[in-house]
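The values are calculated or read from the model by the stated rules, or taken from the named source; none is laboratory data. Because the structure is predicted, anything quoted here is derived from the model rather than measured. Virtual Cβ from ideal backbone geometry, glycine too; neighbours counted across all protein chains shown. These area figures cover heavy atoms from the full protein model, side chains too; ligands, DNA and RNA do not enter into them. Shrake-Rupley method; radii C 1.70, N 1.55, O 1.52, S 1.80 Å.
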Amino acid sequence: MFERCLYFNTQTLARKLNALWVDAFAPFELAPSHAYLLRLVLETPGVTQQQLANELCLNKSTVTRFVAALENKALVERVGSGKDQREKSVVPSPKAIAIGQDLEAKGAELYSTMCEAIGRDKVEAFVQATREINQKL
């Protein structure tokens, strides 16, 4: 019935992937979305919330909530960007830096798990196709 339905098939896949990612990041006490935001902050300390929103394809208000949640866990801090006091930069805390390599390792482990389950070529092709579709929509 749903062989041609992009919505149904992507949503069922998203639920399965979400369950795997939730379990993977549970030891860090982070939701997958928070973990990805933190990984981005660790990669680019001083990134602005607007830049995070753009990179993660999220609304700025959503990023603000995610950053607040990470602040509550003492993983990031908002600091003045210097240019515009209304715009805050986000920097990782020492606690975040301490788990940074483990977060990256978990991301690599998830990638390997997906490659083993469905094949590296399919993973790479699917990610590329998904990114292209996202850009077009």
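General remarks:
- A search for C-beta distances below 9 Å between a residue of region 46-57 that is over 12 Å from residue 89 (Cα atoms) and any residue that is in a helix (DSSP H, G or I) and among the hydroxyl-bearing types (Ser, Thr, Tyr), counting only pairs 6+ apart in sequence or on different chains, returns 53/61; 53/62; 53/64; 56/33; 56/36; 56/62.
- Just one of the numbered conditions (1) closer than 23 Å to residue 10 by Cα; (2) of a type outside the set (Gly, Ala, Ser); (3) free of Cβ contacts under 8 Å to residues at least 40 places away in the same chain is not true of residue 94: (1).
- Cβ-Cβ under 8 Å pairs, at least 6 apart or on other chains, region 1-28 side open to solvent by 70 Å² or more (accessible area, probe 1.4 Å), far side in a helix (DSSP H, G or I): 2/8; 2/9; 18/32; 20/110; 20/113
- Taken over region 44-75, the criterion of being closer than 14 Å to residue 33 by Cβ and among the aliphatic types (A, V, I, L, M) is satisfied by 52, 53, 56, 58, 63, 67, 68, 69, 70, 75.
- Taking helices (runs of 4 or more DSSP H) as the structural unit, those lying wholly within region 12-107 and holding at least 1 residues that are among the aromatic types (Phe, Trp, Tyr) and under 27 Å from residue 133 (Cα atoms) correspond to 32-43, 60-72.
- Residues in region 71-97 that are modelled with pLDDT of 95 or more and either open to solvent by less than 80 Å² (accessible area, probe 1.4 Å) or in contact with an Asp or Glu (Cβ under 6 Å, 6 or more places away or on another chain) (or both): 10 in all.
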